[in-house]
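K.L.:
The structure is given below, and queries will be raised subsequently.
The values are calculated or read from the model by the stated rules, or taken from the named source; none is laboratory data. All figures in this text were calculated on a predicted structure; none of them were measured in a lab. Cβ placement follows ideal geometry from the backbone for every residue including glycine, while neighbour counts extend to all protein chains displayed. We work out accessible area using only protein heavy atoms, side chains counted, and drop any ligands, DNA or RNA first. Shrake-Rupley method; radii C 1.70, N 1.55, O 1.52, S 1.80 Å.
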Amino acid sequence: QEFDGSTVSHCSTLQLSRLFFVLGHVAIKLLVYTESISSAVRRGNANKSLKRQESVARSHGTKEDETLEKEDTLEAELGIAAEVEADNERKVAEISEKEIVGRGLIGIFAPMLVRVVGNDDGQFGSMILMQSATLALCKFMCISVSFCDKHLPLLFTTLLKAKAEDTTLRANTVVALGDLAFRFPNEFEPYTPRLYACLRDPSTKVRRHALMVLTHLIMNDMIKVKGQVCEIALCLNDVDARIQDLSRLLFHELSKRSNNPVYNLLPDIISQLSEMGVSREEFRGIVGFMLGLIKKERQIEMLVEKLCHRIPKCKSIPQKADMAFCLSQLKMSEKSIKCLLDQFRLYKDALFDSDVMKHFKVIVARAKKFAKPEMKEIIDEWETKLDEQGNAGIEDNQAGERAKQAKTKSAKRKKSRGSRRKPAKSLSIQSSNASVQSELDESNEFEFDDKENLS
């Protein structure tokens, strides 16, 4: 509505974009101001408590000292100070939750902002308008937890429907999602896989922003490191060098932690990469780097056992070859070699494959270099078992191929015989029909002769 009272049914896209920018900026400034007031109150309470302690120290041994000590003891027992501080925190949270984007002046524009960002009827096609509106919506969501929880689906839908050429909108939204995850981690947690999905965006800029946001959240323990970290592992082979370096840095920092999340996630990452159809070169480059981060001997032993148990569960021979490659990349100790010997039954059926056998031969050759004399005998015996099982597996595989070929040939032969018999069958039907017709003709002639005799 104009100042003269007339109404306007439309406005400039640029003007609406500026309005949304102002709304988002003012909302964030109000939040900062509210939190600064809360901090000032806390500092005032702390200074008041400090002055009280100084006065107690100056009047030590007097009646005033005894009175102050009794007051402090009574307040501590009743928890008055803690209750006052908690009450101040509740008031600040209520202002942020209900006043700024709720009952306040800025909250009046929230429905219009949601409508523009949703763009259900496709009326708002300007890239600048959508960028400004989405950014303002993200700022509103950073203020109120209920507003954030309500409009998170809309934000991810907007991110998904964004134009391919509008990389600025997607990059800004990804950064804003990081702020939302940091401010409201519980509400954001169900949407974490969607944030990981941004690592597959065709834009290098969006992928870089997504990786930086995830690195920040993971290193600050704001999101849990789960199986989705496989998406970050794929960034090790990204076309952009900065993305590769950042993903390497993240895994290096994770491996330095006491619990080493890389070790806990490696079996699942290896299985997922093997099932995702990643090329052999990319798979082995990623896994080779990550296995090099495992240094502790006990972790290597446990990893050997886990990988051996995953080999029978593989659905194809190339997947089993990938598991054998992973075993060959580990720095084996004597205990690890003994573990491989004990688990021989789990991988013996895959030894007919030349790629699988090659990786086990690499393990044998490497083990012989550091093995003690008594250990070398065990390794030689293991190598003999590998060769015997491999040769037997090759013979069985060849026999199976021959049987399959013979079965295919017999099926073709039966099919060809069946096709030859069909014309003969139709010929016999035709001959039988002809004989039946001739018999009918003879009977008709016989009846005609009898009629002539009667006449």
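K.L.:
HN-Hα J couplings of segment 172-186 from phi, Karplus 6.51/-1.76/1.60, θ = phi - 60°, integer Hz, Gly and Pro as x?
P.N.:
Each residue of segment 172-186 in turn: 5, 5, 5, 5, 5, 4, x, 5, 5, 5, 6, 7, 10, x, 5 Hz.
K.L.:
May I pose another question? Distance check, please: which entries in K48/K91; K295/K369; K226/K361; K51/K98; K91/K224 exceed 25 angstrom between their Cα atoms? Let's see the in-between values first.
P.N.:
Numbers: K48/K91 21 Å; K295/K369 19 Å; K226/K361 34 Å; K51/K98 36 Å; K91/K224 31 Å.
Over 25 Å Cα-Cα: K226/K361; K51/K98; K91/K224.
K.L.:
Let me ask something else about it. How would K48, K372 line up by accessible area, probe 1.4 Å, largest first?
P.N.:
Working: K48 135, K372 110 Å².
Descending order: K48, K372.
K.L.:
Follow-up question, since we're still on this one. How much of the accessible area of segment 151-269, probe 1.4 Å, is carbon plus sulfur, in whole percent?
P.N.:
Details: 2820 of 5360 Å².
With neighbouring chains kept in place, the figure for segment 151-269 is 53 percent.
K.L.:
Going by a ≥ b ≥ c, the root eigenvalues of the Cα gyration tensor, does segment 232-318 fall in the rounded group (a/c under 1.5), the prolate group (a/b larger than b/c) or the oblate group? Walk me through the numbers before you get to the answer.
P.N.:
Values: a/c = 2.50, a/b = 1.10, b/c = 2.27.
Cα axes put segment 232-318 in the oblate bin.
K.L.:
Report the extension gain between A86 and V175 in nm, rounded to one decimal, defined as 0.36 nm multiplied by the number of residues separating them, less their alpha carbon distance. Don't skip to the answer; put the middle values down first.
P.N.:
Working: separation 89, 0.36 × 89 = 32.04 nm, distance 3.15 nm.
Taking A86 through V175 to full extension adds about 28.9 nm, to one decimal.
K.L.:
N186 to M302: extension gain in nm, 0.36 nm per residue of separation minus the Cα-Cα distance?
P.N.:
Working: separation 116, 0.36 × 116 = 41.76 nm, distance 3.32 nm.
Extending this stretch completely gives an extra 38.4 nm.
K.L.:
Right, here's the next one. Can you list, largest first and rounded to whole Å, the semi-axes you get for segment 115-157 by taking the square root of 5 times each eigenvalue of its Cα gyration tensor? The partial results should precede the final answer.
P.N.:
Details: eigenvalues 77, 26, 8 Å².
They are 20, 11, 6 Å, listed largest first.
K.L.:
Another one. Between T408 and I394, 0.36 nm times their residue separation minus their Cα-Cα distance comes to what? Write out the running numbers ahead of the final one.
P.N.:
Details: separation 14, 0.36 × 14 = 5.04 nm, distance 2.09 nm.
Extending this stretch completely gives an extra 2.9 nm.
K.L.:
Sticking with this one: Let me know the shape class of segment 115-249, please: from the alpha-carbon gyration tensor, a ≥ b ≥ c as square roots of the eigenvalues, rounded when a/c is under 1.5, otherwise prolate if a/b is greater than b/c, or oblate.
P.N.:
Values: a/c = 2.27, a/b = 1.32, b/c = 1.71.
Oblate, because a/c is 1.5 or more while a/b does not exceed b/c.
K.L.:
What shape does segment 256-401 have by the C-alpha gyration tensor, where a ≥ b ≥ c are the square roots of the eigenvalues, rounded means a/c under 1.5, and otherwise prolate means a/b greater than b/c and oblate the rest?
P.N.:
Values: a/c = 2.09, a/b = 1.14, b/c = 1.83.
Oblate is the answer for segment 256-401, as a/c is 1.5 or above yet b/c matches or exceeds a/b.
K.L.:
Separation between the R242 and E374 pseudo-spin-labels, each 7 Å from Cα along Cα→Cβ, expressed in nm?
P.N.:
Between R242 and E374, the simple spin-label model gives 5.8 nm.
K.L.:
Also, I was wondering about something else. I'd like to know which of L152, M112, I100 lies farthest towards the positive end of the charge dipole of segment 83-161, counting +1 on Cβ of Lys and Arg and -1 on Cβ of Asp and Glu.
P.N.:
M112
K.L.:
What's the FRET efficiency of F21 with M222 using the Cβ-Cβ distance as r and R₀ = 35 Å, to the nearest 0.05? Walk me through the numbers before you get to the answer.
P.N.:
Details: r = 28 Å, r/R0 = 0.79.
After rounding to 0.05, the efficiency reads 0.80.
K.L.:
Here's something else I'd like to know. Beta carbons within 10 angstrom, averaged per residue: use that to sort the peptides 180-190, 297-307, highest first.
P.N.:
Numbers: 180-190: 15.8, 297-307: 17.5.
Averaged packing, sorted descending, gives the order 297-307, 180-190.
K.L.:
Related question: Over segment 271-340, what percent of the accessible surface lies on carbon and sulfur atoms, probe 1.4 Å?
P.N.:
On the way: 1630 of 3260 Å².
Using a 1.4 Å probe with all protein chains present, segment 271-340 comes out at 50 percent carbon and sulfur.
K.L.:
Need one number: nm distance between label points at K51 and Y33, each 7 Å from Cα along Cα→Cβ, rounded to one decimal.
P.N.:
2.7 nm
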